[in-house]
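One structure below.
The values are calculated or read from the model by the stated rules, or taken from the named source; none is laboratory data. From a predicted model like this one, the values you see are computed outputs, not experimental measurements. No Cβ is skipped: glycine too gets one built from the backbone with ideal geometry, and neighbour counts run over all protein chains shown. The protein model used for the area step is the full one, side chains on, heavy atoms only, and it has no ligands, DNA or RNA in it. Shrake-Rupley method; radii C 1.70, N 1.55, O 1.52, S 1.80 Å.
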Amino acid sequence: MLRPYSTGFLLACVTACGDPGPSRLQQREQAPVPEVAPPASSAPVGASGPAAQAEPAAPKTPPPPSERAEIHLSLKEGSTYRVTTIGNIRFGSLVQPTGFAREERLTLKDCDGESFTRVCTLEHRYVNFEAEPPNGKFLVNDEKAVDQLVTSHRLLATGERPGTTTVTGPKEQADSKAGQALVDANRFFCIRFPEEAIGVGAKWRSKCQMRSGGVVDTRDVLWELMKLERDPEMGLRAELTYVGQYTAPGAKTSVQGVVRGTLFFFVEAGEPHLLREEFTTATDTASKYVTHSTLAYQFVKLVPGPDGKEIAVRVDGKPLPEAPAMNAPTPEAASGATGQASGAKAEAGATTGDRKPGAKTGG
């Protein structure tokens, strides 16, 4: 159910989804789409400091060029996902983008089959949505049109949706135009894999529909496996990208554009970790103003905790890293603080101890 806008949920989502942190693959490849320039350095944050040199990051071993992997969803019976989305939309001529945060729940049941033939029923429901005022009110109204509906469809290990989507909930929403449009929507974010083992450079095409921007859009994209990388903690991980045409219904004519995305995937666990996406749209090719959207989807799993309450874990079942405290210093700042503290101690040892406890030192 939607709640009135408050900075708490939005800030929590920004912390959790805007800078997920736990994935070293993500830290190494921060660009959300292919056209965005990569970071100037692939070294770990704070690697220039003495502390970072003393504790180097775990080595990553790229697989042999000829290695092929079966990449598909594991679809474990009874899995419950919490998907948190952080988005920014710049409408037309507006300079300031509008931020929003969404929380969704996905559950898997009635599973059957193995490997690529695995299939489950996926159930989707909305949990929370907030957007920054004043322009966020349009996004809130779009969300309210379907926020009480529960949708479900069969989901294959390739990410494909065979058949249509079932829509249940309040009659007013279910029978509305927005509610009826959901029968065409893929509720697992249009993630798609081929039905065979693939290696780096493999490409495949998919056409899929999902709800974004208040409507059910169509994405006709070309996927590519960009990287396979082994990690001591996370096993084999994949980075996949897609780019293609974006089409959505408009008030008078269809809205056309381009969609791009990057998916970080735990291959051995068969689970999506992080999906970054952006699309740029215009009502016609001659339009001077376009709408530009960027989104980051963070996947975690909810499991029973020691006290019986649900707790969030990484999609591969491992604990989530603890979020840094508010206003906590960055690794670079921490390294600098360590250096200043060492210098202060040395200076204090060279004096007669005339400084009072807590007095500031010059720098």
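Only a single criterion out of (1) out of contact with any helix residue (DSSP H, G or I) (no Cβ under 8 Å at 6 or more places or on another chain); (2) closer than 30 Å to residue 197 by Cα is not satisfied by residue 136, namely (2).
Run down 310, 268, 277 and say which single residue is open to solvent by less than 80 Å² (accessible area, probe 1.4 Å), at pLDDT 80 or above, among the charged types (D, E, K, R) and touching a strand residue (DSSP E or B) at 6+ places or on another chain (Cβ under 7 Å). First the steps, then the outcome.
Values: 310 fails: open to solvent by less than 80 Å² (accessible area, probe 1.4 Å); 268 fails: open to solvent by less than 80 Å² (accessible area, probe 1.4 Å).
Being open to solvent by less than 80 Å² (accessible area, probe 1.4 Å), at pLDDT 80 or above, among the charged types (D, E, K, R) and touching a strand residue (DSSP E or B) at 6+ places or on another chain (Cβ under 7 Å) holds for just one of 310, 268, 277, which is 277.
Tallying residues that are open to solvent by 30 Å² or more (accessible area, probe 1.4 Å), within 22 Å of residue 273 (Cβ to Cβ) and among the polar types (S, T, N, Q) within segment 161-202 yields 0.
When residues in segment 210-238 are screened for being open to solvent by 20 Å² or more (accessible area, probe 1.4 Å) and either more than 30 Å from residue 140 (Cα to Cα) or of a type outside the set (Val, Ile, Thr) (or both), 11 of them pass.
Residues considered: 155, 106. Of these, the only one that is open to solvent by less than 30 Å² (accessible area, probe 1.4 Å) and either within 21 Å of residue 312 (Cα to Cα) or free of Cβ contacts under 8 Å to residues at least 40 places away in the same chain (or both) is 106.
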